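This report concerns only the one structure given below.
The values are calculated or read from the model by the stated rules, or taken from the named source; none is laboratory data. The model shown is predicted, which means the values in this text are computed figures rather than measured ones. When we count neighbours, we look across all protein chains shown, and the Cβ atoms used for this are built from the backbone with ideal geometry, even at glycine.
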Amino acid sequence: MSEPYWDATRLEEIVSRRAKVLGPTVWAAATPDPRPVISFAGGLPDIPSLPGDILLSAARWVIENDEKEALEYNGTFGARPLREAIAERSSRLEGIPVAVDQVMVVSGSAHGIGIMCETLLDPGDVVVVESPNFPGSMRTIRSFGAEMVAVPMDEDGLRVDALAEALQKLADEGKRAKFLYTIPTHQNPAGCTLPLARRERVVELAREHNFLILEDDAYGELWFDKAPPPSLFALSGGDHGVKISSFSKILATGLRMGWTMGPAALTSRMAAVRFDMGTSPFQARVIARAIRTGELEDHIVALRDIYKRKLQRIEDGLRRHCAGLCTWRTPEGGFFLWLKLAEGLSARDVAALANKKGVIVGAGSQFFADGRATEHVRIAFSYVPFEEIEEGCHRLGEAMAELAAQRGK
């Protein structure tokens, strides 16, 4: 059998500039580990809590009452019943009026982020990002040829003093940021939640320097003991903030459904750059039904308890098995713990040795926009079965202890 003509070398001659930036590696398509591993790697929902019964009941109702519209194209903005349900629910949760024309349904948060980038970015444009940050979003921003300016974080999140300095430096150079990309609530990977005073300062800076805020809010509703401060979108009156949210973490990742909220004029321009006919009208109506019946709200309340108990379990395990080898700050919600390793321990080495012991964690270096990585490890406690958490902490502690002993020789 002859070799294919269009091999990797020949394709490299004709693929687009953006494809060259991204390279040949497929994002988030790794082959599952065939070993019986304990995975603290992915920010995925708890499997036993997946709401199949809620979705099945809602799907039956949609087919029985709304079949024609649910199984036809519904337009680029997304199915109106879901947009209306999101707008009404968001008006209540955000504390400001949210109109239907401010809402667009997308195929998850990543899709919404990509659409905003496509709408706003040309090669050479500047985007300010907090660092550490979610690698998938940084990859998207980078693919559009944007220059990313990294702003450091501390235990409370984005340092607004450093943000102000970065913005002023850009202004002195005759530049300005198109937008700031931030995850202010239950941040990925750091788990922290930005305090109200800092949020207010971010909005002030957005108005002063005339840029948009892209607020990634995949985890915002999964708080444990107290609700987070108002969103940047709400604090800006829905004017300087674009909030992108997802049903992936509060319902199921397999739905591939999310939404954007922002100024109506920008939402319209974002819809105008789309080349699909919108996300699934059927799935949109199923989710809308779950919102209308109140079942989504009840499910979110249940999820908060599940993830709070998992967090308590993993913190107990880390105290027993990793004492003196790492420190962390307890998050107020979300899926992640950000472990700061003891002096002398390498995040890459810890992740590699833990992998050999059958426990998977995220080395912190991949989360930094400017390469200035600290020695941190990200632990996602959401997906791993409750009964495996203790053993996972035990194996991780063994890896840390072995490496610490080697450093001490």
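Take the conditions closer than 20 Å to PRO184 by Cα, surrounded by 15 or more Cβ atoms within 10 Å (Cβ to Cβ) and modelled with pLDDT under 95 and apply them to GLY334. Does it pass?
For GLY334, the condition - closer than 20 Å to PRO184 by Cα, surrounded by 15 or more Cβ atoms within 10 Å (Cβ to Cβ) and modelled with pLDDT under 95 - is not met.
Test each condition in (1) closer than 27 Å to LEU22 by Cα; (2) within 18 Å of the chain's Cα centre (by Cα); (3) not basic (Lys, Arg) for THR193 and report the one that comes out false.
Unmet condition: (1).
Note down all Cβ pairs under 6 Å where the first residue falls in the range 282-305 and is free of Cβ contacts under 8 Å to residues at least 12 places away in the same chain, the second is surrounded by fewer than 16 Cβ atoms within 10 Å (Cβ to Cβ) and among the basic types (Lys, Arg), and they're at least six residues apart or on different chains.
Going by the 6 Å Cβ cut-off, there are no qualifying pairs.
Can you tell which of GLU67, GLU88, GLU84 is more than 11 Å from MET270 (Cα to Cα) and modelled with pLDDT under 95?
From the options GLU67, GLU88, GLU84, the qualifying one is GLU67.
On the basis of being under 26 Å from PRO228 (Cβ atoms) and either surrounded by fewer than 23 Cβ atoms within 10 Å (Cβ to Cβ) or assigned by TED's automatic domain parsing to the domain that holds LYS243 (or both), does PRO81 make the cut?
Taking the combined requirement at face value, the residue does not satisfy it.
Taking the condition touching a residue at least 60 places away in the same chain (Cβ under 8 Å), outside the structural domain of ALA252 (by TED's automatic domain parsing), in contact with a strand residue (DSSP E or B) (Cβ under 7 Å, 6 or more places away or on another chain) and hydrophobic (A, V, I, L, M, F, W, C), does ILE38 pass?
Yes: the conditions hold for ILE38.
Could you say whether any residue in the range 36-54 is surrounded by 11 or more Cβ atoms within 10 Å (Cβ to Cβ), over 29 Å from the mean Cα position of the chain (by Cα) and among the hydrophobic types (A, V, I, L, M, F, W, C)?
No, the range 36-54 contains no residue that is surrounded by 11 or more Cβ atoms within 10 Å (Cβ to Cβ), over 29 Å from the mean Cα position of the chain (by Cα) and among the hydrophobic types (A, V, I, L, M, F, W, C).
Taking the range 311-332 on its own, how many of its residues are among the polar types (S, T, N, Q) and outside any helix (DSSP H, G or I)?
Total meeting the criteria: 2.
Go through the range 356-390 and report how many residues are free of Cβ contacts under 8 Å to residues at least 24 places away in the same chain and surrounded by 15 or more Cβ atoms within 10 Å (Cβ to Cβ).
So the count comes out to 2.
Quick check, is ILE54 part of a helix (DSSP H, G or I), under 17 Å from PHE247 (Cβ atoms) and in contact with an Asp or Glu (Cβ under 6 Å, 6 or more places away or on another chain)?
In short, yes.
Pick from the range 128-158 the residues that are hydrophobic (A, V, I, L, M, F, W, C) and part of a loop (DSSP other than H, G, I, E, B): which of them is nearest to ARG372 (Cα to Cα)?
Ranking the qualifying residues of the range 128-158, first place goes to PHE134.
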